[in-house]
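Trainee: Here it is, the structure, as structure tokens.
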Amino acid sequence: MTVKKITKSDFVRFVDALIATTKTIGVQAKGDRFDFAPLASAKDLRLDYDVTLGPPKKFFLPPAEVLLTYQVGGAYESQCDDQEFILLGVHPYDVVAISQMDELFQQDNYDAHYMTRRNNAAIIACDVARPSDHVFASSMGTAVVREGYDILLTEIGDGYVAEAATEKGEKLLAKAKGVPADSQALKKREEVWARNRKSLNKHELKCDPAYLPKLLAKAYKHPVWEEQAKTCFSCGSCNQVCPTCYCFNVQDDVSWDLQTGTRSRAWDGCLLDGFTKVAPAHEFRKSRADRFRHRLYRKAMYVPQKIGGQIACVGCGRCVGACLPDIANPVSVYNRLIDDLGLG
Amino acid sequence: MCQCCAEKKDIYLPQLATVEDVSQMNITEKYLRLSMDDGQFDFIPGQFVEVSIAGFGEAPITISSSPTLGDCFELVVRKVGRVSGAIHNLKNGDKVGIRGPLGKGVYPVEEAKGKNLVFICGGIGMVPQRSFINYVLDNRADYGDVAILQGTKSYDLRLFTPEIEAWSKRGDVQMLETLDEGDARWKGNVGVVTKLVPKVETDLKSAMILVCGPPIMYKFVLMALAERDVPHQNIFLNLERKMKCGIGKCGHCQINNAYVCMSGPVFQYSDLASLPEAI
């Protein structure tokens with residue numbers, strides 16, 4: 001596969017060429033923060049960002065999407081969004097999260113709504129240029145990735161090293177003017193990787209992430225769940241900003257003529273009160289502490305069992321920044337458990 | 001490229017079924033017999049369907065009839081919310097959407113062959129149990145003793161009364177019934193369903209025990225069975241939860257690491273040791 005070195009000015013032309021042919025979603029400034037949004041011009045792209053407000057999952061699993069339409073009393077019809085698009089500037093930890101979601105939405109029952117969007121997307125990843133305030137990707141082994149993207153960009157001073165990883169990426173990269181990356185450029189890229197493997201670590205996990213399922217296996221009744229959840233607002237912000245939270249609710253809406261309608265799904269959150277409520281009034285996970293524990297068990301025990309042991313927390317740190325009472329930080333909780341229960 | 005409409009099946013797309021028969025069973029329960037418009041419908045007792053009422057939504061309902069009934073299937077629905085309320089308004093000939101049958105945790109139809117069976121039902125817990133009960137009775141020679149314990153809150157909430165009467169008269173079924181609240185019209189047992197356990201004639205320790213009822217009932221039934229040293233692998237519990245998507249994605253029915261819609265709704269008690277949220 002091609003590995004090119006592209007100058008900054010050629011890179012701008014490359015991005016504008018992508019925008020001209022395909023819907024391109026890239027990282028842009030939003031106030032003093034950053035987020036993914038459709039790009040109108042390469043000059044709006046900010047690959048020097050630290051972290052985006054929301055994870056890129058919304059382009060595959062939108063906050064709300066129509067699954068079906070129907071005639072009242074008649075047949076149902078599938079709806080899907082099948083527009084091709086490019087997702088530009090995805091950080092490695094988010095690439096890992098997308099790969100995990102891909103596996104979850106394909107296994108057991110293939111979710112064509114998610115997978116249609118996913119298969120229509122080209123992912124252009126970029127290595128982190130600036131660590132965010134709460135990133136701990138180094139601790140989770142997600143600071144650098146070598147799969148899960150179509151093209152990987154790494155900024156090396158005066159330009160980018162761009163490596164195609166798939167046929168889709170190869171075709172896109174053919175539009176970029178550049179030279180084959182020389183050993184000096186590749187060495188600089190290695191230096192970026194070496195730096196990021198260590199520096200994306202504002203919170204340091206005291207164990208190998210692979211140990212977390214074992215740690216949780218003995219932590220179910222630990223007082224930390226109750227202690228942390230005492231100040232939880234049950235607002236679900238941690239669910240919303242998490243790149244690997246994918247729980248959803250489904251609801252019907254009828255149009256004004258009462259003849260047709262839509263069935264939609266929308267993000268839901270296991271921290272929200274009522275998530276497990278059934279009619280008439282029984283709630284299976286009623287206590288805040290139980291819901292708080294459930295989220296962290298999903299990240300480091302339950303979901304890993306479904307995806308070959310991969311830990312479903314990728315260290316983006318978004319929940320740490322989003323949580324108003326400051327209790328969501330997974331590293332604080334896991335480290336506390338390690339302190340109390342040891343590593344044996 | 002659009003996969004939902006092309007090579008891949010859309011797992012959220014209901015198929016149409018027609019209401020063949022409908023009747024009000026008591027003040028809260030409605031009986032429905034449905035048949036799929038595209039014909040055949042194969043399921044195993046314990047499986048559920050997602051019933052769609054366009055404009056109202058979907059609700060998971062466990063099938064109440066036995067597969068031996070033929071191509072149609074029966075549901076019994078309590079009116080408690082939006083979707084179940086709309087189900088109660090259905091008339092003969094109306095169309096509903098059906099996804100399913102769903103659930104891989106089913107009644108031990110094969111493993112139970114040759115064994116004695118004890119069904120413990122609380123209230124509308126009888127509804128899913130009835131699927132396996134009728135399957136057993138339609139294949140009577142394949143199974144050992146059958147005891148059915150039914151506890152109901154009050155006289156007017158009793159379900160399937162003609163069927164229960166027929167079972168009582170068969171001679172090859174021990175039918176025990178109790179009401180939580182006594183009633184002038186009721187001459188039988190009064191008290192909770194666990195009070196019937198000592199009356200079971202079959203040896204409980206070697207029997208397969210099948211339990212379905214309100215969440216609170218499980219604790220007391222399990223205590224009663226523990227007193228008689230019933231091995232945990234012989235106890236099967238129907239753990240209904242909020243199976244919203246029914247296909248292991250949406251997260252609502254998850255008990256620790258198990259999705260009820262995938263691993264259940266029927267669970268072997270010995271498998272629940274690792275699921276503290278189950279009971």
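The values are calculated or read from the model by the stated rules, or taken from the named source; none is laboratory data. Predicted model only: the values in this text are computed from it and were never measured. Note that each Cβ is placed from the backbone with ideal geometry, even for glycine, and that neighbours are counted across all protein chains shown.
Trainee: From the list B:V190, B:V197, which residue is crowded, with 18+ Cβ neighbours inside 10 Å, more than 30 Å from A:F105 (Cα to Cα) and in contact (Cβ under 8 Å) with a residue 12 or more places away in the chain?
Mentor: Selected residue: B:V197, the only one of B:V190, B:V197 that is crowded, with 18+ Cβ neighbours inside 10 Å, more than 30 Å from A:F105 (Cα to Cα) and in contact (Cβ under 8 Å) with a residue 12 or more places away in the chain.
Trainee: Can you tell me which residue within region A:103-139, out of those that are without any contact (Cβ under 8 Å) to a residue 24 or more places away in the chain and outside any loop (DSSP other than H, G, I, E, B), is surrounded by the most Cβ atoms within 10 Å (Cβ to Cβ)? Walk me through how you get there before you give the answer.
Mentor: Just the residues of region A:103-139 that are without any contact (Cβ under 8 Å) to a residue 24 or more places away in the chain, to begin with: A:106, A:108-111, A:115, A:119.
Keeping just the survivors that are outside any loop (DSSP other than H, G, I, E, B) gives A:106, A:115, A:119.
Details: A:Q106: 14, A:M115: 18, A:N119: 15.
Per the criteria, the residue is A:M115.
Trainee: Under the condition of being under 19 Å from A:K214 (Cβ atoms) and of a type in the set (A, V, I, L, M, F, W, C), which residue from region A:307-331 is surrounded by the fewest Cβ atoms within 10 Å (Cβ to Cβ)?
Mentor: A:I307
Trainee: Considering (1) away from every other protein chain (no Cβ under 14 Å); (2) out of contact with any Leu (no Cβ under 8 Å at 6 or more places or on another chain); (3) modelled with pLDDT of 95 or more; (4) on the phi < 0 side of the Ramachandran plot, say which one A:P213 fails and leave the rest.
Mentor: Only one criterion is unmet by A:P213, namely (1).
Trainee: Determine which member of the set A:E84, A:E77 is of a type in the set (D, E) and over 17 Å from A:Y114 (Cβ atoms).
Mentor: Working: A:E84 fails: over 17 Å from A:Y114 (Cβ atoms).
Result: A:E77 is the single residue among A:E84, A:E77 that is of a type in the set (D, E) and over 17 Å from A:Y114 (Cβ atoms).
Trainee: A follow-up question, please. Is it true that A:A75 is surrounded by 15 or more Cβ atoms within 10 Å (Cβ to Cβ), free of Cβ contacts under 8 Å to residues at least 12 places away in the same chain and in the same structural domain as A:Y110 (by TED's automatic domain parsing)? Explain how you work it out, then say what you get.
Mentor: Details: surrounded by 15 or more Cβ atoms within 10 Å (Cβ to Cβ): yes; free of Cβ contacts under 8 Å to residues at least 12 places away in the same chain: yes; in the same structural domain as A:Y110 (by TED's automatic domain parsing): yes.
Taking the combined requirement at face value, the residue satisfies it.
Trainee: Give the residues of region A:246-262 that are within 10 Å of chain B (Cβ to nearest Cβ), over 27 Å from A:F105 (Cβ atoms), in a loop (DSSP other than H, G, I, E, B) and of a type in the set (A, V, I, L, M, F, W, C), sorted by residue number.
Mentor: The one that is within 10 Å of chain B (Cβ to nearest Cβ), over 27 Å from A:F105 (Cβ atoms), in a loop (DSSP other than H, G, I, E, B) and of a type in the set (A, V, I, L, M, F, W, C): A:L258.
Trainee: How many residues, within region A:36-45, are buried (at least 17 other Cβ atoms within 10 Å of the Cβ) and either within 13 Å of chain B (Cβ to nearest Cβ) or not in a helix (DSSP H, G or I) (or both)? Before you say what the answer is, go through the steps one by one.
Mentor: The initial filter retains those residues of region A:36-45 that are buried (at least 17 other Cβ atoms within 10 Å of the Cβ), namely A:36, A:39, A:42, A:45.
Subset that is either within 13 Å of chain B (Cβ to nearest Cβ) or not in a helix (DSSP H, G or I) (or both): A:36, A:39, A:45.
Of the residues in that region, 3 qualify.
Residues checked against (1) surrounded by fewer than 16 Cβ atoms within 10 Å (Cβ to Cβ); (2) β-branched (V, I, T); (3) not in a loop (DSSP other than H, G, I, E, B):
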{"site": "A:T244", "(1), (2), (3)": "no, yes, no"}
{"site": "A:S264", "(1), (2), (3)": "no, no, yes"}
{"site": "A:F275", "(1), (2), (3)": "no, no, no"}
{"site": "A:F292", "(1), (2), (3)": "no, no, yes"}
{"site": "A:Q305", "(1), (2), (3)": "yes, no, yes"}
{"site": "A:V333", "(1), (2), (3)": "no, yes, yes"}
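Trainee: Considering region A:187-200 alone, what residues qualify as being farther than 16 Å from A:V135 by Cβ and surrounded by fewer than 16 Cβ atoms within 10 Å (Cβ to Cβ)? Don't jump to the end; show me each part of the working.
Mentor: Start the filter on region A:187-200 by keeping residues that are farther than 16 Å from A:V135 by Cβ, which leaves A:187-191, A:194.
Answer for region A:187-200, where residues must be farther than 16 Å from A:V135 by Cβ and surrounded by fewer than 16 Cβ atoms within 10 Å (Cβ to Cβ): A:K187, A:E190, A:E191, A:A194.
Trainee: As an exercise: evaluate A:G269 against (1) at pLDDT 95 or above; (2) within 30 Å of A:A75 (Cβ to Cβ); (3) more than 8 Å from every other protein chain (Cβ to nearest Cβ) and give the number of the one condition it does not meet.
Mentor: (2)
Trainee: Let me ask another. Can you name every residue in region A:55-84 that is farther than 30 Å from B:D94 by Cα, more than 12 Å from the chain's Cα centre (by Cα) and within 11 Å of another protein chain (Cβ to nearest Cβ)?
Mentor: Result: A:D81, A:D82, A:Q83, A:E84.
Trainee: Right, here's the next one. Inspect all residues belonging to region B:206-222 and state whether any of them is modelled with pLDDT under 95, surrounded by fewer than 17 Cβ atoms within 10 Å (Cβ to Cβ), within 12 Å of chain A (Cβ to nearest Cβ) and out of contact with any Phe, Trp or Tyr (no Cβ under 9 Å at 6 or more places or on another chain).
Mentor: yes
Trainee: Any residue at all in region B:234-244 that's of a type in the set (D, E, K, R) and at pLDDT 95 or above? Let's see the steps before the verdict.
Mentor: First, the residues of region B:234-244 that are of a type in the set (D, E, K, R): B:240-242, B:244.
Next, from what is left, pick out any that are at pLDDT 95 or above: none.
Taking every residue of region B:234-244 in turn, none turns out to be of a type in the set (D, E, K, R) and at pLDDT 95 or above.
Trainee: Could you list, in sequence order, all residues of region B:20-30 that are modelled with pLDDT of 95 or more and either touching a Gly at 6+ places or on another chain (Cβ under 6 Å) or surrounded by fewer than 18 Cβ atoms within 10 Å (Cβ to Cβ) (or both)?
Mentor: Across region B:20-30, the qualifying residues are B:E20, B:D21, B:S23, B:Q24.
Trainee: If you scan region A:97-123, which residues turn out to be within 14 Å of the chain's Cα centre (by Cα) and among the aliphatic types (A, V, I, L, M)?
Mentor: Those that are within 14 Å of the chain's Cα centre (by Cα) and among the aliphatic types (A, V, I, L, M): A:A97, A:I98, A:M101, A:L104, A:I123.
Trainee: If the requirement is being closer than 20 Å to A:V278 by Cα, touching a residue at least 40 places away in the same chain (Cβ under 8 Å), of a type in the set (G, A, S) and part of a strand (DSSP E or B), which of these qualifies: B:S64, B:S52? Steps first, answer last, please.
Mentor: Details: B:S64 fails: part of a strand (DSSP E or B).
Criteria check complete, one pass: B:S52.
Trainee: On to the next question. Please work out if B:P265 is assigned by TED's automatic domain parsing to the domain that holds B:G125 and within 16 Å of the chain's Cα centre (by Cα). Reasoning before the result, please.
Mentor: Details: assigned by TED's automatic domain parsing to the domain that holds B:G125: yes; within 16 Å of the chain's Cα centre (by Cα): yes.
So B:P265 passes the test.
Trainee: Going by the structure shown, is A:A129 in contact with a helix residue (DSSP H, G or I) (Cβ under 7 Å, 6 or more places away or on another chain) and either more than 14 Å from chain B (Cβ to nearest Cβ) or not basic (K, R) (or both)? If you could, list the steps in order and put the result at the bottom.
Mentor: Details: in contact with a helix residue (DSSP H, G or I) (Cβ under 7 Å, 6 or more places away or on another chain): no; either more than 14 Å from chain B (Cβ to nearest Cβ) or not basic (K, R) (or both): yes.
So A:A129 does not fit the description; no.
Trainee: Of the numbered conditions (1) touching a His at 6+ places or on another chain (Cβ under 8 Å); (2) away from every other protein chain (no Cβ under 11 Å); (3) modelled with pLDDT under 95, A:V331 satisfies every one except a single condition; which is it?
Mentor: The single condition A:V331 does not satisfy is (3).
Trainee: Only one residue in B:G81, B:G70, B:G57, B:G103 is free of Cβ contacts under 8 Å to residues at least 24 places away in the same chain and within 13 Å of chain A (Cβ to nearest Cβ), so which one is that?
Mentor: Values: B:G70 fails: within 13 Å of chain A (Cβ to nearest Cβ); B:G57 fails: free of Cβ contacts under 8 Å to residues at least 24 places away in the same chain; B:G103 fails: free of Cβ contacts under 8 Å to residues at least 24 places away in the same chain.
Checking each option against the conditions leaves just B:G81.
Trainee: If you don't mind, there's one more thing I want to ask. Those residues that are within 14 Å of chain A (Cβ to nearest Cβ) and more than 26 Å from A:S78 (Cα to Cα), I need them from region B:28-54; list them, please.
Mentor: If the condition is that a residue be within 14 Å of chain A (Cβ to nearest Cβ) and more than 26 Å from A:S78 (Cα to Cα), then B:T28, B:E29 are the ones that fit.
Trainee: Given the conditions (1) touching a residue at least 40 places away in the same chain (Cβ under 8 Å); (2) within 14 Å of chain A (Cβ to nearest Cβ); (3) in a loop (DSSP other than H, G, I, E, B), which single one is not true for B:T202?
Mentor: B:T202 satisfies all of (1) touching a residue at least 40 places away in the same chain (Cβ under 8 Å); (2) within 14 Å of chain A (Cβ to nearest Cβ); (3) in a loop (DSSP other than H, G, I, E, B) except (2).
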